[in-house]
Structures are given as structure tokens and as C-alpha cells.
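Trainee: After the C-alpha cells below, expect a handful of questions from me.
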Amino acid sequence: PEAITIQELANRMAERAVDVIKLLMKQGQMLKINDVIDADTAEIIAEEMGHRVKRVSEADVEMGLMGDEDAPDDMVSRAPVVTVMGHVDHGKTSLLDAIRKADVVTGEAGGITQHIGAYQVETPGGTVTFVDTPGHEAFTAMRARGAKVTDLVVLVVAADDGVMPQTVEAINHARAAEVPIIVAINKIDKPDADPQRVRTELLQHEIVVESMGGDTLEVEVSAAKRTNLDKLLDAILLQSEILELKANPDRPADGVVVEAQLDKGRGPVATVLIQRGTLNVGDIFVAGSAWGRVRALINDRGSNVDSAGPSVPVEVLGLHSTPEAGDQFVVVDAEQRAREITDYRERKRRELKGAPSSARASLEQMMSQ
Ligand code: GTP
Ligand code: MG
């Protein structure tokens with residue numbers, strides 16, 4: 001449970017904000033309509049006003065997005081978001097590079113312009129968004145914060161090495177996130193490649209690939225020789241069709257920070273992946289305890305764009321501080337609201353830090369409910 005403005009709380013209860021303020025005043029709190037109260041206070045108020053309280057997830061309450069479901073009619077197909085995972089040196093980066101080079105658009109433009117943590121590939125069968133999380137840590141951080149970034153995991157297993165500890169870790173991550181896996185058996189060009197061994201070893205981890213009668217798609221590839229990259233993309237597109245991925249592009253954006261850093265020339269730069277809605281230059285953006293008015297949006301080809309819709313990765317410029325990878329972001333309608341949310345979070349963060357460990361534990365428990 002986190003925070004909600006008085007206005008938002010009143011709206012949800014279909015009560016007048018002034019009545020909420022009066023009630024708070026009786027309890028000794030002098031607050032204004034746009035002030036933020038924590039979820040516990042909100043719950044007490046709601047109950048006093050005779051409403052039944054249903055708490056949604058922490059992030060939802062905090063963002064004031066509770067019950068903010070999009071109507072089915074507004075949902076439009078979006079590109080799948082794919083994370084490539086696997087053991088060290090099994091060829092994740094090589095595979096992503098090879099796929100990116102196969103992209104007709106960058107191919108025409110003369111190669112890769114810059115590295116960003118996420119990018120899109122146009123294929124004849126549709127667009128695919130790849131998230132290039134360095135190692136598993138970022139993925140774990142995002143998952144720990146409840147950000148469901150990825151729709152699919154491509155599990156890269158080198159055919160000359162087989163299933164290794166980080167392969168198993170990646171399988172566990174994908175399972176915990178309840179995300180389907182596509183197996184890319186890589187390095188099949190190598191003389192000592194043994195794809196069949198990979199399949200058998202995967203069985204021990206309850207991954208049964210299609211050719212063994214299971215339902216996990218598998219593709220034998222070589223990043224080095226660029227073998228079967230089209231088949232891998234086909235498998236990704238096939239799997240995503242089954243998922244029927246959709247989002248409403250016609251609403252204020254929300255999504256997740258994939259990576260962020262303080263750039264010498266440009267200031268704080270956050271690479272974000274839009275999950276719903278459309279992010280525009282000029283929008284008021286809040287992520288973690290960072291906020292700012294979007295000054296520029298830069299796409300994965302290094303071009304300035306005015307806006308970005310669902311499943312599109314973009315760099316966001318104009319923030320006052322640097323958010324963290326895994327932070328959920330949202331667009332709000334006023335700077336005042338952005339300040340309140342970030343101030344509140346800063347305060348909560350300090351409280352957590354300052355609290356004695358037992359209190360901290362219970363606070364953390366409370367916050368993770
Ligand atoms: P980390 O990011 O360090 O975990 O590694 P990675 O999984 O990204 O592997 P990377 O793409 O860096 O490749 C590791 C090594 O394997 C490099 O030397 C690649 O050239 C080589 N390699 C990758 N794919 C293939 C392949 O299909 N065939 C052959 N022969 N070598 C490959
Ligand atoms: Mg790599």
C-alpha cells in the first residue's frame with residue numbers, strides 16, 4: 001500500500017473531496033485536495049464513509065491506477081517483448097546482433113547506430129521488441145518490483161556446452177515470471193555441437209521441446225553463420241500470436257525503466273519500455289522517486305521522435321534525477337502531482353532506512369502485500 005491523492009480517493013468513492021478533507025481535519029490532518037495520503041489512512045477514511053475497501057497491488061494504489069482497466073474495445077495488437085537469457089558465453093549478444101543485422105530497416109540504414117538496452121526489429125511477419133538485459137540481475141530487479149517486462153524468453157543454450165547453471169537460473173526466472181520459453185540451440189556450426197544432448201538435458205528441468213513431443217518451441221541456430229535466424233523469429237511471432245498481446249495506445253503512458261544513467265551532456269537518461277498508452281514529448285513523467293517533463297524522446301535508431309506507443313523502447317530526456325532499472329513509470333497530469341508522488345516515495349524510503357530493523361521488516365512486509 002502506498003499513496004493516493006485526496007481527489008483520487010474521493011473520485012473512487014464517488015464522494016466530494018471536501019468531505020474527505022473535513023474528515024481528515026477531524027483527525028487532526030490539515031490537507032488539500034491534491035495532497036497525497038497513504039493507503040492506510042485512505043482505508044480508514046473510506047471505511048468511515050461507509051465504503052468497502054478493496055486493496056489492489058502496491059504499485060496500482062500508489063499510482064492511482066486502481067481499477068484503471070482499459071476497455072476491450074480500446075485494445076490494439078502490440079509487438080511482443082522478448083528477453084534473451086542463457087548461460088555466459090552461450091551467444092546471447094551474438095544472436096541479438098545477428099538478428100538486428102537481419103533487420104531490413106537497420107540493414108538499409110547502414111548498420112547499428114547506437115546501443116540501447118532495448119530495441120525493435122521489423123520482420124516481414126511483424127515487429128519484435130528485444131530487451132537486452134545485461135545479465136540476470138536487471139531482470140531479477142524488475143521482477144522483484146513486480147514489473148512484468150517481458151512476454152517471452154528466448155533461452156540460448158550452446159550446443160557444444162549444454163545446459164549450465166545460468167541456463168537453469170534463466171529457466172527458473174522465466175517460470176517465476178510465468179513467461180513462455182523458446183529454446184534457441186546455438187552454435188550448431190561447431191564441430192562438437194550436440195543439439196540432441198541439449199534437448200535431453202532440458203528434459204531434466206521439465207522443458208520438453210516440440211521435437212520430443214512437448215510444447216516448448218525450439219530452433220537450432222548459429223549466430224556466427226546466421227543460420228535459422230528467420231526460423232527463430234517465426235517461432236517468436238508464432239508464440240506471441242498465441243498470447244494475443246494487446247494494449248490501449250490512447251491513454252497516458254505507463255511502463256518500465258529498462259536502464260538509466262546520468263549522461264554527462266544530456267543529464268539523466270532513462271531507457272523505458274512503454275507498456276500502455278502513448279508517451280509524448282512534454283508529458284510529465286514519474287519513475288520511482290525521479291520525475292520531469294519529457295524534453296526529448298529518442299528511439300532505438302538514435303532519432304528524435306515526438307511520441308512512442310505500446311512495446312516501443314525509447315530514451316527519455318528531461319528528468320531531474322536518475323531513476324533505477326526496474327522502476328515502473330507513469331505519466332501524470334500535473335507537476336504538482338509528480339512532486340507529491342516523488343516526495344512521498346523519498347520520505348517512505350528514508351523512513352524505511354531509518355526504522356529499526358524489526359519495524360523495517362514489518363514495513364517491508366506491509367508494502368509487499
Ligand atoms: P555473456 O554476455 O558474457 O553472457 O555472453 P553471451 O551469451 O552474450 O555470448 P557472446 O555472444 O558474447 O558469445 C560468446 C562467444 O561465443 C563469442 O566468442 C562468440 O563469437 C561465440 N559465438 C556466439 N555464437 C556463436 C555461434 O553460433 N557459433 C560459434 N562458432 N561461435 C559463436
Ligand atoms: Mg552478452
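Trainee: Going through the stretch 5-19 one residue at a time, which ones are at pLDDT 85 or above and under 14 Å from ILE44 (Cβ atoms)?
Mentor: Those that are at pLDDT 85 or above and under 14 Å from ILE44 (Cβ atoms): ILE6, LEU9.
Trainee: Output the qualifying pairs, or none if there are none: Cβ atoms under 7 angstrom, residues six or more apart or on different chains, first residue in the stretch 289-315 and on the phi > 0 side of the Ramachandran plot, second residue of a type in the set (S, T, N, Q).
Mentor: GLY302/THR113; GLY302/GLN114; SER311/THR129
Trainee: Restricting the search to the stretch 68-101, which residues are in a helix (DSSP H, G or I) and within 14 Å of ligand 1 (Cβ to nearest atom)? Lay out the reasoning, then the answer.
Mentor: First, the residues of the stretch 68-101 that are in a helix (DSSP H, G or I): 72-74, 92-101.
Selection gives LYS92, THR93, SER94, LEU95, LEU96, ASP97, ALA98, ILE99, ARG100, LYS101.
Trainee: Any residue in the stretch 79-108 that is within 20 Å of THR227 (Cβ to Cβ) sitting within a Cβ distance under 9 Å of a residue that is near ligand 2 (Cβ under 9 Å from one of its atoms) and modelled with pLDDT under 80? List the pairs, counting only those 6 or more apart or interchain.
Mentor: If the second residue must be near ligand 2 (Cβ under 9 Å from one of its atoms) and modelled with pLDDT under 80, the pairs left are VAL84/ASP132; LYS92/ASP132; THR93/ASP132; LEU96/ASP132.
Trainee: Taking the options LYS225, LYS190, LYS231, name whichever one is within 16 Å of ligand 1 (Cβ to nearest atom), more than 27 Å from GLN120 (Cα to Cα) and either part of a helix (DSSP H, G or I) or open to solvent by 70 Å² or more (accessible area, probe 1.4 Å) (or both). Break it down stepwise before answering.
Mentor: On the way: LYS225 fails: more than 27 Å from GLN120 (Cα to Cα); LYS231 fails: more than 27 Å from GLN120 (Cα to Cα).
Step by step, each of LYS225, LYS190, LYS231 is checked, and only LYS190 is within 16 Å of ligand 1 (Cβ to nearest atom), more than 27 Å from GLN120 (Cα to Cα) and either part of a helix (DSSP H, G or I) or open to solvent by 70 Å² or more (accessible area, probe 1.4 Å) (or both).
Trainee: Could you grab the pairs with beta carbons closer than 6 Å, sequence gap of 6+ or different chains, first residue in the stretch 155-181 and in a loop (DSSP other than H, G, I, E, B), second one of a type in the set (Gly, Ala, Ser) and away from ligand 2 (no atom under 16 Å from the Cβ)?
Mentor: Cβ pairs passing all conditions: ALA159/ALA193; ASP160/ALA193.
Trainee: Kindly indicate the residue of the stretch 74-99 that is away from ligand 2 (no atom under 15 Å from the Cβ) and of a type outside the set (A, V, I, L, M) and also modelled with the lowest pLDDT among those meeting that condition.
Mentor: It comes out as ASP74.
Trainee: Could you tell me which of the residues ALA147, ALA138 is in a loop (DSSP other than H, G, I, E, B) and modelled with pLDDT under 95? If you could, list the steps in order and put the result at the bottom.
Mentor: Details: ALA138 fails: in a loop (DSSP other than H, G, I, E, B).
Every option except ALA147 fails the conditions.
Trainee: Being on the phi > 0 side of the Ramachandran plot and in contact (Cβ under 8 Å) with a residue 24 or more places away in the chain narrows it down to one of GLY267, GLY213, so name that one.
Mentor: Values: GLY213 fails: in contact (Cβ under 8 Å) with a residue 24 or more places away in the chain.
Answer to the selection: GLY267.
The values are calculated or read from the model by the stated rules, or taken from the named source; none is laboratory data. Keep in mind it's a predicted model, so treat the numbers as computed, not measured. Glycine gets a Cβ as well: all are built from the backbone with ideal geometry, and neighbour counts include every protein chain shown. Calculation scope for accessible area: heavy atoms of the full protein, side chains included, ligands and nucleic acids excluded. Shrake-Rupley method; radii C 1.70, N 1.55, O 1.52, S 1.80 Å.
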